[in-house]
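Worksheet for the structure shown next.
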Amino acid sequence: MKNIEIPYERDRKGHYRFFEILPGLLSWSLLILPVVLTLIDTTYAVVFILSYLLIYIVRSFGYDFRAVSGYLTMKQHLKLKWNDFLQDLDLGEIDESLHITRPAWHIDNIQRVKGYPTIYKPKDILHGVIIATVNENREILEPTIKSIIDSDYDVKKIILIIAYEGRAGEETQKRVLKLIKDYRPFFKDAFAVKHPPNIPGEVIGKGGNITYAGKKFEQYLLDKKIDPKNVIITTLDADNRPHKLYFASLTYMFCVAPNPLRASFQPLPMFTNNIWDAPTLMRVIATGNNLFYIVLTKRPHLERNFSAHAQSMQSLIEMNFWSVRTIVEDGHHFWRSYFFYDGDYRVYPLSIPIYQDAVLADGYIKTLKAQFVQLRRWTYGVSDVAYIADKGFFHKNKISKPDVFIKFFRTLEGHVTWATGTILIFGAAFIPSLLHPQSFAANQLPIIVSRIQQIGIIGLLASVYVTLVTLPPRPSRIKRHRSFLMMIQWVLAPVASLLYGTFTAFNSQTRLMFKMYLSRFDVTEKAVIVAKGNVISSNADPDK
């Protein structure tokens, strides 16, 4: 089998270490660049800061436009009769007995699939759903299972697997087995898989858990004589609740994709399960994340696996499932697949949500800490920069080098911007005037920047609108004034971006620079506020 594994920490040397250091080196250099340029010549600093800001503003207007476009697409897709579309695909033509409105792209797809070498029929497709859990309580897990059962899809075509950590102890095992017993009758089948602790070569993380479950499921399919090419695997976290149209739309996309065995399918993550209960700062971060992933549906060339995602079981078997050596197994899985299939791999966005929890722990301080830990894990995706460079430029492959370079550059630039963007936009303009208070250009710079930022606020209003209309209804136990807070909370966006974007990104990049690797998945503590306002908390990490 082709070697697509990320190197062990002890084996990262030479060029690999260079590319691990590079993102942090660029971020720290960019951070001090306005100071250096000001000391050389104030004009250089002014030109750099204005150029950076103008590029940022232009990109933000594009971002706002895609936010509205992505929302409208999601709104449209949530109204479609996906099961009727599946009936057309099974028939191989438009079923005239169904008096429904069909979009033009569906009619085109009916004709297009007839020319495919392999035609996948919806009636032959089965789904495997792996729910990964550590120590989450029943109040978190059960709604996830119920959301699958409530799907507008034949649940008897779904096999449920709950993958739980053996290190979590007897209580977790009892909880999981009870859930399997209670809900197995609803599915085609359901079973639990206990991930043994301390498997050599594995970091403590989700990747090892779902990979172990995937291999057990592979044996299950073999025993049942089920072709893995007709099975789609969706991985869910304990708090992930698929929209009722998710499985029908996923089946549709799988069957119309030119080569679904060389693709994964990315639903829309929406952090809204508990959005009305989360503290203000967490709501800003959660709704900002919602907006980002809505925008990403309009930029499919930039789509990567994130959190809940789906892929052919056959593909997973071929590449030996997910990586067990990294704590960011979801985003890393894109690159793992990309290099395994020599670039013949893509991610198809689905404009159908899978609803997730905003960060909420038992207590405000714990919530602040849990949010930092979660985003530090996300920003640790910067570790893929070295992996891309290593596999793309230093190992033999058939991938177009320009394609590798573009993907490498975009990944690098994205992480550097994640670390430096907020500081440069909101703080760099004051540096020249502080160092050269006698300079006219330096003193005018903050005024000019302020005017440009005011223009940017116009575009921001469109994004704020999208975040508001995608909120779930306010629970009756939540006071009305919270609705007003939802509108004005965006004044905290720069604070949230600085504390939980800039700082977490610099934390991850600096760790890589000095080989302070994150070698275990820090599970986010979760709390649930039930109907009467009572808090039910689970310390999701059994080692703490």
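Under a straight-distance cross-link criterion of Cα-Cα below 17 Å, which lysines are reachable from LYS369, leaving out those fewer than 8 residues away in the same chain?
Output for LYS369: LYS526, LYS544.
Once each part is reduced to its C-alpha centroid, what is the distance from region 180-228 to region 403-445 in angstrom?
Region 180-228 and region 403-445 have Cα centres separated by 47 Å.
For GLU318, project a label point 7 Å along Cα to C-beta. Then give me every residue of region 112-154 with its amide nitrogen under 16 Å of that point.
117-120
Taking just the alpha-carbon atoms of region 381-433, what radius of gyration and Dmax come out, in angstrom?
Values for region 381-433 (Cα only, Rg and Dmax): 15.5, 52 Å.
What's the long-distance tail for the chain, i.e. % of Cα pairs beyond 39 Å? Working shown, then result.
Details: 41146 of 147696 pairs.
Pairs farther apart than 39 Å: 28 percent.
Please arrange ARG346, ARG175 by counting, for each residue, the other beta carbons lying within 10 Å of its beta carbon, fewest first. It would help to have the intermediate numbers written out before the result.
Values: ARG346 18, ARG175 21.
Starting with the residue having the fewest Cβ neighbours, the order is ARG346, ARG175.
Could you calculate the FRET efficiency of ARG184 with SER69 from 1/(1 + (r/R0)^6), where r is the beta carbon distance between them and R0 is 51 Å, rounded to 0.05?
On the way: r = 42 Å, r/R0 = 0.82.
E(calc), rounded to 0.05, equals 0.75.
Give me the number: length gained by fully extending ASP403 to ARG451, i.e. 0.36 nm times residue separation minus the C-alpha to C-alpha distance, one decimal in nm. Before the final figure, lay out the partial values.
On the way: separation 48, 0.36 × 48 = 17.28 nm, distance 3.82 nm.
My answer for the length gained is 13.5 nm.
So how do 413-423, 125-135, 302-312 stack up, highest first, on mean other-Cβ count within 10 Å? Intermediate values should be presented prior to the final figure.
On the way: 413-423: 20.5, 125-135: 24.0, 302-312: 22.2.
Those peptides, ordered most packed to least, come out 125-135, 302-312, 413-423.
Project the alpha carbons of region 79-122 onto their principal axes and report the range along each, largest first, in whole Å.
So the three principal-axis extents are 30, 18, 18 Å.
Return the distance in nm (one decimal) between the two label points of a simple spin-label model at LEU25 and ASP108, each offset 7 Å from Cα along Cα→Cβ.
4.5 nm
Across 5 Å bins from 0, what is the distribution of all Cα-Cα pair distances for region 123-364, in whole percents?
Per 5 Å bin, starting at 0, the Cα pair percentages come out as 1, 6, 14, 19, 20, 19, 13, 6, 2, 0, 0.
Sort out for me the Cα centre separation of region 57-113 from region 6-27, rounded to whole Å.
Taking the Cα centre of each part, region 57-113 and region 6-27 sit 43 Å apart.
Every read-out reported here was derived from the displayed coordinates using simple, explicitly stated rules and does not represent laboratory data. Treat the numbers as computed from the prediction; the structure is a model and nothing was measured. Cβ atoms come from the backbone with ideal geometry, glycine included; neighbour counts cover every protein chain shown.
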